[in-house]
Amino acid sequence: MSDPGSAPRDSAAAILLAFDCSGPSCSAAVARGGRVLAAAFETRPRGQGERLLPMVGEVLAEAGCGYADLAGIAVTLGPGSFTGLRIGLATARALALATGLPLVGRTSFAVLAAAAAPARVPGERLLVAIDSQRGDLFLQGFDAQASATEAPWACAAREAAARLEGPLLLAGSGAGRLAEALAAQGRSCRIAEAAQLPDAAVLARLASLAPLPPAGGPPPAALYLRPPDTTQPAPPGRGAR
Amino acid sequence: MRVLGIETSCDETAAAVVESAAGRGGRILSNRVLSQLEEHRPFGGVVPEIAARAHLDHVDRLVAEAMAEAGLGFAELDGVAATVGPGLIGGVLVGAMTGKAIAAVHGKPFVAVNHLEGHALTVRLTDGLDFPYLLLLVSGGHCQLLAVEGVGRYRRYGSTLDDAVGEAFDKVAKLLGLGYPGGPAVERAAAGGDPARFALPRPMKGRPDCDFSFSGLKTAVRQAVEKAVEAAGPLDERARADLAASFQAAVAEVLQDRAARALARFAAELGRPGPLVVAGGVAANRSLRAALAEVAAAAGAVLVAPPPGLCTDNGAMIAWAGLERLRLGAADPLDFRARPRWPLEELSAPVPEPAQWEPAQ
């Protein structure tokens, strides 16, 4: 292989590798200048740690390139499953270290909003709702350009429904639950069916259209949206665990 | 042969590079350990989610520092090893993915290391010890006696039926208000105490097997504390020191008895007296080491213990275990599953095979 440090940095030719495992899925994609060269997506609530790097190898091979041809790495930052988003971020940070490439992070909200934006009709508010898997939803609203209009927030579906006004287009794994809560209050909404789970192909396209940060900068932070649970765990092991 | 090792299975984020020396043993080229002690101290124990977040925040930097200190580029490595279990799975995954990613980029073999095998093989790195040996593995999560007959070849003689010994130290430290982590705190307090003042039980002593039990001892300490408080009010420094010393003496006597049983069985089965190796965080306790040296000597065996810094979790032991497997021709695929539970006896000896790792594209 050629020296990873000699990867092309010219943005028109810049090839980006992107992946996501922040939700109950695992996906990877390669893109250049907004065009997706190869992509894979699997619904997979568990086992992302086993699947991710082989999948990355597969999309690189399909795109006809290797790590040495890349100009940058992109990853979703969450919110989502704590373990899943860490699998993605740990892999991305290590790839960036091992290749010397810049690392780009996008929130799962931004990736889902970009996926849902084409389905939006004028007058609708685009709202991304991600199921926290702990009973409530992670939420963020976006405008017509898929730019965030508010800071992310967390809330139970019923409370969220009570706080929302106007016509809504929902995206994300929590869209169904939020739609049910809205219906229970006599409200209707639309769901962007193509934007339920974050997809690395969308991330790769987005990130390959934006300027890259410098390599070796501070890595993007995980978006947990929730402090760690500090209730005392059971002892870590009993004899041979 | 030079191997990078990554460890993130509990509350230490660590990365190290080791190389095999001519002849036996190895050389540590770098060994970076970042303890998360302060982050967990307010909770009196390791909080898994805090640990996992901290590992993600620091492990790549520690790897970069370990490589820089070793004066090596990734291309100059012969392999990348990472702990993939047993341990707190959120943290394990962070280190495992870090190791897999570096191996993938540079087309190096990846070795999925069992954390306990890292502890078990450390004396071969530091002392060039030959197989077989008897291993007493004592840490916050583990307490077991094993015959170590080769890389991946472990036979368990006995293990704890309840608490690990390090866990007992932590709980007693909490009862005595000595702080966290309990091991060093109890050892410090015990140094000035009278080990005969409080009569505490010696659980399992005299039993024909090689098992342990510490929950009854912990309960006895609690009752002794309650009685002392009832009689004379809050524990003074003297009482705390005496209780710590009495507890530590009870642990020492139990470990001696269990190790003596295991040494006899080892000698009968393998035809040699030891050596007895003690590893794991609790092996850093000087008073317990001295007690074990006595029992080894009585059996005609030598006691071998890694230096204290290599008894607690570190990356060098992971790098070394990876190196031992690699030089026997073993490597692991990038889809290797990280696991919270992974007893040593489930390991197998490496069978030289064509390597299965993915070559660089």
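The values are calculated or read from the model by the stated rules, or taken from the named source; none is laboratory data. All values derive from a computational prediction rather than experimental measurement. Here the Cβ positions follow ideal geometry from the backbone for every residue, glycine too, while neighbour counts run over all protein chains shown.
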Quickly run through segment B:266-277 and pick out the residues that are buried (at least 19 other Cβ atoms within 10 Å of the Cβ) and within 21 Å of B:Gly206 (Cα to Cα). B:Phe266, B:Gly274, B:Leu276
Does segment B:110-126 contain at least one residue that is modelled with pLDDT of 95 or more, buried (at least 24 other Cβ atoms within 10 Å of the Cβ), within 13 Å of another protein chain (Cβ to nearest Cβ) and out of contact with any strand residue (DSSP E or B) (no Cβ under 9 Å at 6 or more places or on another chain)? no
Any residue at all in segment A:115-133 that is without any contact (Cβ under 8 Å) to a residue 24 or more places away in the chain and either closer than 16 Å to A:Leu52 by Cβ or within 14 Å of another protein chain (Cβ to nearest Cβ) (or both)? no
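Hey, can you tell me all the residues within segment A:59-109 that are among the aromatic types (Phe, Trp, Tyr), more than 22 Å from B:Leu72 (Cβ to Cβ) and facing chain B (nearest Cβ under 10 Å)? It would help to see each step written out before you state the result.
Going through segment A:59-109, the residues among the aromatic types (Phe, Trp, Tyr) turn out to be A:67, A:82, A:109.
Checking the rest, the ones that are also more than 22 Å from B:Leu72 (Cβ to Cβ) come to A:82, A:109.
Within segment A:59-109, A:Phe82 is the sole residue that qualifies.
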Just to check your reading of the model, which residue among B:Gly87, B:Gly5 is closer than 25 Å to B:Pro307 by Cα, within 8 Å of another protein chain (Cβ to nearest Cβ) and at pLDDT 95 or above? B:Gly87
Out of all the residues in segment B:148-179, which are facing chain A (nearest Cβ under 9 Å) and either assigned to a loop (DSSP other than H, G, I, E, B) or closer than 30 Å to B:Leu326 by Cβ (or both)? B:Arg156, B:Ser159, B:Leu161, B:Asp162, B:Asp163, B:Ala164
Considering only segment B:32-64, state which residues are surrounded by fewer than 19 Cβ atoms within 10 Å (Cβ to Cβ), in contact (Cβ under 8 Å) with a residue 12 or more places away in the chain and within 7 Å of chain A (Cβ to nearest Cβ). none
Matching residues in segment B:180-189 - criterion: being assigned to a loop (DSSP other than H, G, I, E, B) and surrounded by fewer than 19 Cβ atoms within 10 Å (Cβ to Cβ): B:Tyr180
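Look at B:Pro333 and say whether it is within 14 Å of chain A (Cβ to nearest Cβ), touching a strand residue (DSSP E or B) at 6+ places or on another chain (Cβ under 7 Å) and of a type outside the set (Ser, Thr, Tyr).
Numbers: within 14 Å of chain A (Cβ to nearest Cβ): yes; touching a strand residue (DSSP E or B) at 6+ places or on another chain (Cβ under 7 Å): no; of a type outside the set (Ser, Thr, Tyr): yes.
It is false that B:Pro333 is within 14 Å of chain A (Cβ to nearest Cβ), touching a strand residue (DSSP E or B) at 6+ places or on another chain (Cβ under 7 Å) and of a type outside the set (Ser, Thr, Tyr).
What number of residues within segment B:190-220 are closer than 29 Å to B:Gly309 by Cβ, part of a helix (DSSP H, G or I) and out of contact with any Lys or Arg (no Cβ under 6 Å at 6 or more places or on another chain)? Steps first, please.
Just the residues of segment B:190-220 that are closer than 29 Å to B:Gly309 by Cβ, to begin with: B:190-193, B:195, B:210, B:212, B:214, B:217-218.
So of that shortlist, the ones also part of a helix (DSSP H, G or I) come out as B:190, B:217-218.
Right, trim to out of contact with any Lys or Arg (no Cβ under 6 Å at 6 or more places or on another chain) and you get B:190, B:217.
Adding up the residues that qualify gives 2.
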Enumeration of residues in segment A:54-88 that are part of a helix (DSSP H, G or I) and hydroxyl-bearing (Ser, Thr, Tyr): A:Tyr67, A:Thr83
Kindly indicate whether A:Gly5 is of a type outside the set (Val, Ile, Thr), modelled with pLDDT of 95 or more and assigned to a helix (DSSP H, G or I). no
Taking B:Ala81 as meeting all but one of (1) buried (at least 24 other Cβ atoms within 10 Å of the Cβ); (2) farther than 21 Å from B:Gly140 by Cβ; (3) facing chain A (nearest Cβ under 9 Å), write down the number of the exception. (3)
Of the conditions (1) within 23 Å of B:Ala15 (Cβ to Cβ); (2) within 14 Å of chain A (Cβ to nearest Cβ); (3) not in a helix (DSSP H, G or I), the single one that B:Met97 does not satisfy is (3)
Check on B:Leu93, in contact (Cβ under 8 Å) with a residue 60 or more places away in the chain, under 25 Å from A:Val56 (Cβ atoms), in the same structural domain as B:Asp335 (by TED's automatic domain parsing) and touching a helix residue (DSSP H, G or I) at 6+ places or on another chain (Cβ under 9 Å): yes
Based on this model, can you work out whether B:Ala75 counts as within 14 Å of another protein chain (Cβ to nearest Cβ) and not in a helix (DSSP H, G or I)? no
Residues in segment A:35-46: is at least one touching a strand residue (DSSP E or B) at 6+ places or on another chain (Cβ under 9 Å), modelled with pLDDT under 95 and not in a helix (DSSP H, G or I)? yes
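Residue-by-condition table, conditions (1) part of a helix (DSSP H, G or I); (2) touching a Gly at 6+ places or on another chain (Cβ under 8 Å); (3) modelled with pLDDT of 95 or more:
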| residue | (1), (2), (3) |
| --- | --- |
| B:Arg27 | no, no, yes |
| B:Ser30 | no, no, yes |
| B:Leu34 | no, no, yes |
| B:Glu39 | yes, no, no |
| B:Glu49 | yes, yes, yes |
| B:His55 | yes, yes, yes |
| B:Val63 | yes, no, yes |
| B:Met67 | yes, yes, yes |
| B:Ala81 | no, yes, yes |
